[in-house]
1. Out of the total accessible area of the chain (probe 1.4 Å, heavy atoms of protein only), what percent is carbon and sulfur?
2. Apply the a/c threshold of 1.5 to the C-alpha gyration tensor of the stretch 37-174 and tell me whether it is rounded, prolate or oblate.
3. How far is it, in nm, from the label point at Ile219 to the one at Ala91 when both lie 7 Å from their Cα along the line to the Cβ?
4. Give me the 1.4 Å probe accessible area per residue for the chain, excluding ligands and nucleic acids, in Å².
5. Quick one: Karplus J couplings for the stretch 152-161, per residue in order, coefficients 6.51, -1.76, 1.60, θ = phi - 60°, nearest Hz, x for Gly and Pro?
6. With just the Cα atoms of the stretch 196-268, tell me how far they stretch along each of the three principal axes, in Å, largest first.
7. Distance between the C-alpha centers of the stretch 177-226 and the stretch 151-165? Whole Å please.
Amino acid sequence: MNPTTAAPDAPGGQRSAQYDAFHAARARTGLVSRLYAEAMGEDYPAEVVDSSSCDWPLLGLMTARLRMRPGQLLVDAGCGTGGIGLWLARALTLRLEGFDLSPVAVAQATARRPHFLGGGTDRAAFRVAELEDTGLPDSCAHGIVCVDALGRATVRDAAVRELGRVLAPGGRLVVTRALRRGATPAWPEQARAAGLTVEHVDERPAEPTMWDRLYRLWIAHADELLRELGEVQAENMLREAHQVLPALPGRRAVLLTLRRPATAPAAPGTADTMTGPDRNPGDRAVLSERTPQ
């Protein structure tokens with residue numbers, strides 16, 4: 001979750017530097033992965049590693065909701081170190097385009113391609129880009145995944161519109177969202193503004209409980225985190241744990257599937273090409289979703 005690592009209203013270069021430090025620190029130690037594995041138990045996808053709230057049930061659900069065919073293009077928006085997109089690309093025989101704000105994360109994702117794809121690394125490419133400005137062509141993606149990354153966007157409405165622009169007619173965007181229980185979600189309006197329809201809202205009742213276990217493990221292992229990650233990153237994690245733990249009993253987590261109607265116009269051939277506190281008025285009900293994976 002890590003919403004305290006980088007505020008969404010910080011300048012782009014500052015946010016990138018903070019995420020770079022986050023990913024570089026975690027690459028130096030296996031401690032964080034071990035704590036994720038302990039918190040998730042059998043649901044921990046060891047190959048994907050610690051990608052925020054991603055577990056085996058979420059991977060299976062995303063696979064079912066995307067409904068993609070071999071050879072189609074998947075975009076991993078806010079890909080972090082790439083495990084989720086690479087796992088899906090291998091499982092479904094897809095092409096993959098991932099992007100993230102952090103150059104360090106993009107470099108790590110690029111280096112992981114052979115592990116998942118063997119000699120087929122040309123099927124996957126990673127780039128530095130923002131959720132609101134992906135640099136991808138109109139209607140190029142048959143499917144998009146965005147796991148715990150939408151909260152990084154400076155303006156979530158703009159990010160959803162940008163992802164909708166990239167989505168081909170008939171394609172689906174699956175995105176994790178969280179909000180306070182009983183609150184009215186903003187996603188129907190955000191979907192309409194992006195030309196998308198809400199196809200499924202899948203509840204993830206185990207997600208808050210997982211975070212509760214993980215945060216308590218972070219607190220219990222505070223000395224080890226400080227020693228292995230350094231003061232700044234460890235204190236960010238511990239601050240987050242203490243701030244978010246009290247709100248978890250009121251947290252509702254979902255996987256949202258948005259679809260672009262199949263009748264929407266698309267630029268010829270673009271779906272088959274591959275290129276190398278809350279400040280959103282429509283999202284006041286949403287809990288902090290700033291998650292650098």
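1. C and S fraction of accessible area: 55 percent.
2. Taking the square roots of the gyration eigenvalues as a ≥ b ≥ c, the stretch 37-174 is rounded.
3. It works out to 3.3 nm between the two label points.
4. 39
5. Once θ is set to phi - 60°, the couplings for the stretch 152-161 become 6, 5, 5, 10, 5, 4, 5, 5, 5, 4 Hz.
6. 56, 31, 15
7. 17
The values are calculated or read from the model by the stated rules, or taken from the named source; none is laboratory data. No experiment lies behind these values; they were computed from the predicted model shown. All Cβ positions, glycine included, derive from the backbone under ideal geometry; neighbour counts span all protein chains shown. The accessibility values were calculated without ligands, DNA or RNA, using every heavy atom of the protein model including side chains. Shrake-Rupley method; radii C 1.70, N 1.55, O 1.52, S 1.80 Å.
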